[in-house]
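Step one of this worksheet: look at the structure below.
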Amino acid sequence: EIRIQHAIETYGLDPKKAGSIVSKMDRQRSAYFNFYTGQKWNDFSNYDLCLNTGRMGIDRVVECISALAAE
């Protein structure tokens, strides 16, 4: 998975442990979001925009957001 590889490269995580660390972070983020908003973190109807940085790359995502902000 792209996010696991990114975590390994960015944070120097052990490749054998990176998957479980990313999963744990996802659970923590989900619990935080669900608690404070009363909504579900993985329900995409809660978001106006979702961009996959793994597929598009950071630079392209920045371009898209900048273009939308300029409108």
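Odds and ends about this structure:
- Unique residue being at pLDDT below 95 and assigned to a helix (DSSP H, G or I) when the list is Ser20, Ser45: Ser45
- Only residues that are within 16 Å of His6 (Cβ to Cβ) and either surrounded by 12 or more Cβ atoms within 10 Å (Cβ to Cβ) or of a type in the set (Phe, Trp, Tyr) (or both) were counted across the range 24-50, and they come to 2.
- Scanning the range 23-42 for residues that are within 25 Å of Ala69 (Cα to Cα) and part of a helix (DSSP H, G or I) turns up Phe33, Thr37.
- Scanning the range 21-39 for residues that are of a type outside the set (Gly, Ala, Ser) and either in contact with a helix residue (DSSP H, G or I) (Cβ under 9 Å, 6 or more places away or on another chain) or closer than 20 Å to Tyr11 by Cβ (or both) yields Ile21, Val22, Lys24, Met25, Asp26, Arg27, Gln28, Arg29, Tyr32, Phe33, Thr37, Gln39.
The values are calculated or read from the model by the stated rules, or taken from the named source; none is laboratory data. Since the model is a prediction, treat every value here as computed from it, not as a measurement. Here the Cβ is made from the backbone with ideal geometry for all residues, glycine too, and neighbour counts use every protein chain on show.
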